[in-house]
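S.K.: Structure incoming, see below.
The values are calculated or read from the model by the stated rules, or taken from the named source; none is laboratory data. Just so it is clear, the model here is predicted, and its values are computed rather than measured. Counting neighbours? That spans all protein chains shown, and the Cβs are built from the backbone with ideal geometry, glycine included.
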Amino acid sequence: MNFSQFYTSMDHFTIIPALMLCLFGCAILLFDFMIFPDPRQRKWLLIFVVAAEAFTGWGLFRQQTWLSSSGVSSITGFSGSVTVDGFGIFFNWIFLVAALLVALVSYKYLENAGEHHGEYYGLILFAQSGMYFLATGTDLVLVIEVQGARQVRRHTRSSVLVFLLPPSAETLEQRLRSRGEDTEAQIRRRLAVAREEVRAVSEYDYVVVNDEVEDCVGRLRAVIVAERAKPDVMSGAVASILASFGVAAGSR
């Protein structure tokens, strides 16, 4: 199977640092369990952590250099799921330094304990790869009530608010009662809160009626797809495509 039809070189480029971390994390676990059976030998696993951070730093430097030389503000990969920009790279440098310092500071303790070197170092690298995707991920979903949504909109103008609306007040009450988790007073309080919150539906960007689960998920997915297709979100991909035509981004 030719995987190039699904993933492009730019997709791979956006996740180089995370790939390095995962590969070295797997190598550490392999060496810990199979190559270094003697706990006294496992202190050498710190070298893998240092090497992992060096290669990760090389990947971040490559991304930073590409952004500076290409003149675009971001690189998108995997259909917009991963976005590499100056913000993400900045925080990933912080994660790199923090992870390396934690590994170095813990070295003496692990050497004295004599156990769990591989699990500990591997966990650091895998956790760092997760933080990489947090910093470069395009979508962050918050499940919050109306007051929280207003706070998010006040501080983040680019946020997209989706109001999940029950089909009717009767349906909502039936669902609350069928769960069997709330007292009568709690159900009444929840219904009163819902009656107030539905008044704020006009403050939201999208409304999704929560009738059938599959239909509701499909509508939420459609909202994400629509938002990812906006010009400002697709700026990196658009700039690359326009460059192939010899046209500069923003020109008419």
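S.K.: Consider Ser240 carefully, then state whether it is hydroxyl-bearing (Ser, Thr, Tyr), in a helix (DSSP H, G or I), at negative phi and not assigned by TED's automatic domain parsing to the domain that holds Val162.
M.R.: Numbers: hydroxyl-bearing (Ser, Thr, Tyr): yes; in a helix (DSSP H, G or I): yes; at negative phi: yes; not assigned by TED's automatic domain parsing to the domain that holds Val162: yes.
Criteria met by Ser240.
S.K.: Give all pairs with beta carbons closer than 7 Å in which a residue from segment 219-235 that is farther than 18 Å from Asp85 by Cβ meets a residue that is surrounded by 15 or more Cβ atoms within 10 Å (Cβ to Cβ); count only pairs at least 6 apart in sequence or on separate chains.
M.R.: These pairs meet every condition: Arg219/Val208; Leu220/Val162; Leu220/Val208; Val223/Val162; Val223/Tyr206.
S.K.: Can you name the helices (runs of 4 or more DSSP H) wholly within segment 77-162 that have at least 2 residues being within 30 Å of Ile47 (Cβ to Cβ) and at pLDDT 85 or above?
M.R.: The qualifying helices (runs of 4 or more DSSP H) are 86-113, 117-136.
S.K.: Here's another thing I want to ask about it. Mind checking whether some residue in segment 172-180 is assigned by TED's automatic domain parsing to the domain that holds Arg150, acidic (Asp, Glu) and either within 27 Å of the chain's Cα centre (by Cα) or surrounded by fewer than 14 Cβ atoms within 10 Å (Cβ to Cβ) (or both)?
M.R.: no
S.K.: What's the total number of residues in segment 77-96 that are closer than 20 Å to Arg228 by Cβ and either among the basic types (Lys, Arg) or crowded, with 18+ Cβ neighbours inside 10 Å (or both)?
M.R.: Final tally of qualifying residues: 7.
S.K.: Restricting to segment 163-182, name every residue that is modelled with pLDDT of 90 or more and in a loop (DSSP other than H, G, I, E, B).
M.R.: Correct list: Pro166, Pro167, Ser168.
S.K.: Looking at segment 185-237 only, could you name the residues that are within 23 Å of the chain's Cα centre (by Cα), outside any helix (DSSP H, G or I) and β-branched (Val, Ile, Thr)?
M.R.: First, pick out the residues of segment 185-237 that are within 23 Å of the chain's Cα centre (by Cα): 205-206, 216-237.
Narrowing the set further to residues that are outside any helix (DSSP H, G or I) leaves 205-206, 229-234.
If the condition is that a residue be within 23 Å of the chain's Cα centre (by Cα), outside any helix (DSSP H, G or I) and β-branched (Val, Ile, Thr), then Val233 is the only one that fits.
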